[in-house]
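Only one structure is covered here, and it is reproduced in the block below.
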Amino acid sequence: MPREPRIYVENVLYLVTAKGDEDRDLFGDSQDYSAYLKTLSEYKREYGFKLFAFTLLAKSIYLLIELKNNVTISQIMHDLNSRYTKAYNSRYGKKGHLFQSRFKSVLIEKEEYLLRMSRYVHLLAKDAGVVDEPFQHQYSSLSSYVYGGAQPNPVSEMLGMNDEIKEILDLFIEKETDNDKRQSYEAYVHSADHEEAQLVRKLLHRKAFVGSKNFSAKMEREIQHHIIEEEESRIVRKTNPAFAVAGGLVIIFFGVVAFNFYNNQSTLQEALNDTAGSFEAAREDLSTHVFNLKMAREDLTKRLDSLQDELAKLEDTDELNGAAWEIRITPLKDTKIQSGTTDVIYFKDNQVTIKSLDERGFPGFDYTMVPKGDGRMVWKAAKTGSDGTNIQMEGLWTGKKVKGIVRERPVQGENRDFIFVSLRRIANIGGADYVLQ
């Protein structure tokens, strides 16, 4: 299977796995773990990437990263592993490679998988049999999520992950206080079992990226664009074979010149003409290759610009009333990794409607808006159906995206909670029904 190029993409997650060369240990004691985390913290400050979760095991490293500042994952991992390898070899008097030559990275759709992938990374120590409970493993970021300032984890504090932790805990928007959000995250991690890790591994196995069809298509375009740029650069750098042939002709030519200069001036002129023709043909061949690649790149750029313009049109409104999104809605307590169910949420005439609830006899909900003070708005809605089932909704609107939770409380039967995230803006419905585009 060909390896995907290491492309730079913002607003997506990179799940990075690095293992020891020939299954050797990466860490011998606490001093080794601390040295690696110190190096990781230094590069995090230098390159500015986000680190949402990490788990360090004796033979492997797992990092959940979001890139920033146009620094690629290859540059981060090369610098990080190289510096740690030098420190490790110096300490133990060893030489050579410590890590496998190529780390593994999977691109993951952030909106849909951030919460689940953070849980997966935090469960790895338990799943590997290192500890009985993931909270017992000190070389992961989990305790910083659960305990925070009450019981800080020094290694996580050193890495400056407060903003990343807040971003994940804020996904539990139904909770008012930070402590409630931490308890919800702890319960979320505890709700998983061994099968959870197996299902995620199956999801990640031999894939370059994980997400919706729209996300996968976007990543394919990014890769194609990257390949074209690399091919242009490679052709410009690489010597064209025609030049090598021409060089050989030059050598032969001068040998002929030295031997026959005075005897055959006409032959000399013919050889000179042939050599000049070879150089010209090589130059024209190279120019043709470069021109074709530039045309392909311009065509791809125009297509990407067109798609971005269409997306901008859909996201150009700041009005919630009259807006609609395609969403992914997933059971909150479901321990199995699923892609979720695609649904539609739309706001019309000061009411919010989720298509699947509407079909079950729960049409538009009156909603209220509460400003968060940072440009975001929280909206809330509730309704009781004819059978006594109470539905509560709470969401966070950022101006372009929406996410939230739906709580279902039947008179009889089990309570159910669902989380949803917007996948794409589908229409401004105004006075008309929504239309999927």
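No lab work stands behind these numbers, since they all come straight from the coordinates. Computed from a predicted model, the values in this text were never measured in an experiment. Please note: Cβ atoms are built from the backbone with ideal geometry, for glycine as well, and neighbour counts cover all protein chains shown.
Remark: the stretch 395-405, residue by residue, has Karplus-estimated 3J(HN,Hα) of x, 10, 10, 9, x, 10, 10, 9, 8, x, 9 Hz, where x stands for each Gly or Pro and the curve is 6.51 cos²θ - 1.76 cosθ + 1.60 at θ = phi - 60°. Less than 5 angstrom separates the built amide H of V210 from those of L107, I108, E109, all sequence-distant by 5 or more or on a different chain.
For a quick protection proxy, order the peptides 46-57, 112-123, 75-86 by their average other-Cβ count within 10 Å, most packed first. List each step's numbers first, then the result.
On the way: 46-57: 20.1, 112-123: 23.2, 75-86: 17.9.
Sorting 46-57, 112-123, 75-86 by mean packing, highest first, produces 112-123, 46-57, 75-86.
The H on the amide N of L332, modeled in the peptide plane, is under 5 Å from the matching H of D417, F418, I419, each at least 5 residues off or on a different chain.
Kindly identify the stretch 173-223 as rounded, prolate or oblate by the Cα gyration tensor criterion: order the square roots of the eigenvalues as a ≥ b ≥ c, call it rounded if a/c is under 1.5, otherwise compare a/b with b/c, prolate if a/b is larger, else oblate.
Values: a/c = 4.52, a/b = 1.69, b/c = 2.67.
The shape class here is oblate.
Kirkwood hydrodynamic radius, computed over distinct alpha-carbon pairs, for the stretch 71-140: how many Å, to one decimal? Final number for the Kirkwood radius of the stretch 71-140 is 14.9 Å. Among W379, W325, the order by Cβ neighbours within 10 angstrom, fewest to most, reads W379, W325.
Would you please classify the overall shape of the stretch 1-110 from the alpha carbon gyration tensor, given that a ≥ b ≥ c denote the square roots of the eigenvalues, rounded means a/c under 1.5, and beyond that prolate means a/b larger than b/c while oblate covers the rest?
Prolate, since a/c reaches 1.5 and a/b exceeds b/c.
Here the stretch 12-211 is described by how far its Cα atoms reach on the three principal axes: 53, 36, 36 Å, from widest to narrowest.
Packing, as the average of other Cβ atoms within 10 Å across residues, places the peptides 413-422, 10-19, 88-97 in the order 10-19, 413-422, 88-97, highest first.
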